[in-house]
Every structure is written in C-alpha cells, then in structure tokens.
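Undergrad: Take this structure first; my questions come after.
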Amino acid sequence: MIGVDEELFCRINRQMISQFGGLYVDAARNVRDQNALSYLVADQQNELSLDGELREIAATLAYRVITRHVFVDGCKRTAMQAAFLLLQLNSYDVFASNEEIVGIARAVGDGSIDQQALIDWFKTMTAPSPPLAFSSAPPLRTYA
C-alpha cells in the first residue's frame, strides 16, 4: 500500500493555505510539531506494512493531524486532504460532499466527536473502487 510521507504532507498544507488562506511559516515548512508529524507518518507506514484496514488508517491519520495541531495553520484541511489522498492512492473512492467533509473536520477540531466516530464516518463515506474492466476494450491494432 502507498502512504503519505512528510514532504507530501507539507506540500498538501502549503497548497491548502495557498488555496483557502491562512498563516504559512516558510522557514519551518509550516510545521508546528515536527516530532508529531514524524511519528504519525511512521505509524501510518507501520500500519500499512501490517495490512491494517485502510479507512481506519486514513481516519486515524486525519484525527491525529487535527488534534495534535501538527501545522501552524490549515490542520483540518490538510488532514482531510491527506487522508483522502491516502485512500485514493490505494484505490478507494470518497463519497462525501465538501460540506460533510468540513463539518466532520470541525467536529474533530472542537472535540465534539472522538477518533472512533471519525473512523465510522470514513467507513460510511468511502469504499473500494470497482476494478477496471479491460475485457470490454477493443483489441489492440497491430501494424505490419
């Protein structure tokens, strides 16, 4: 399975700040807690190597980024974007609307839901992508 590394997290955060606004501290790649970022990336890689349930891994990753305030700003946006990217890289589809995503991220941020509730939400709003059907494709053309 494919994971999200520290560099990609920082790029996602920078993109979220650029797109939606917020404070960005360039010298630190906007990282407020480097130890927390390193830990959650390592933990994610470990869980992926042990073939953990992907939606639980993604939800846990998002929950930790939000609740541990890993970045100076944009934690909720970065957390959800990184979690969905993790799922999409591993052939999962996301069915939640933008409003639902914002609502659940805010609920984590204000403490009104816990980690298990976020895991349950991810399991409801995502599913494995259907396999590609190559059998219906026309045959390749050969040239003499």
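Undergrad: So for THR124, THR78, THR67, THR60, fewest C-beta neighbours within 10 Å to most, what's the order?
TA: THR124, THR67, THR60, THR78
Undergrad: Remind me, relative contact order of the chain in percent, using alpha carbon pairs under 8 angstrom and six or more residues apart?
TA: So the answer I get is 26 percent.
Undergrad: If you don't mind, another one. Per residue, how big is the convex hull of the range 14-144 when only Cα atoms are used? Give it in Å³.
TA: Convex hull of Cα atoms, per residue: 180 Å³.
Undergrad: Cut-off is 10 Å between beta-carbons; in what order do ILE12, ILE2, ILE113, ILE57 appear when sorted fewest neighbours first?
TA: ILE2, ILE113, ILE12, ILE57
Undergrad: What is the angle, in °, between the Cα long axis of helix 115-125 and the longest principal axis of the Cα atoms in the chain? Nearest 10 is fine, range 0 to 90.
TA: Helix 115-125 and the main axis of the chain meet at about 30 degrees.
Undergrad: How do ARG32, ARG77 line up, fewest other C-beta atoms within 10 Å first?
TA: ARG32, ARG77
Undergrad: Amide H neighbours of VAL25 under 5 Å, at least 5 residues apart or on other chains, H built in the peptide plane: list them.
TA: Counting only residues 5 or more places away or on other chains, the set is ASN30.
Undergrad: A further question follows. LEU23 to ASP51: extension gain in nm, 0.36 nm per residue of separation minus the Cα-Cα distance?
TA: 6.5 nm
Undergrad: For the range 6-128, what is the charge dipole size about the Cα centre, in debye to the nearest 20, if Lys and Arg each add +1 at the Cβ and Asp and Glu each add -1 at the Cβ? Before the final figure, lay out each step's value.
TA: Numbers: 11 positive and 16 negative charges, 76 e Å.
Using only the charged Cβ atoms, the result is roughly 360 debye.
Throughout, read-outs are computed from the coordinates displayed, never taken from laboratory work. Treat the numbers as computed from the prediction; the structure is a model and nothing was measured. Neighbour counts run over all protein chains shown; Cβ positions are idealised from the backbone, glycine included.
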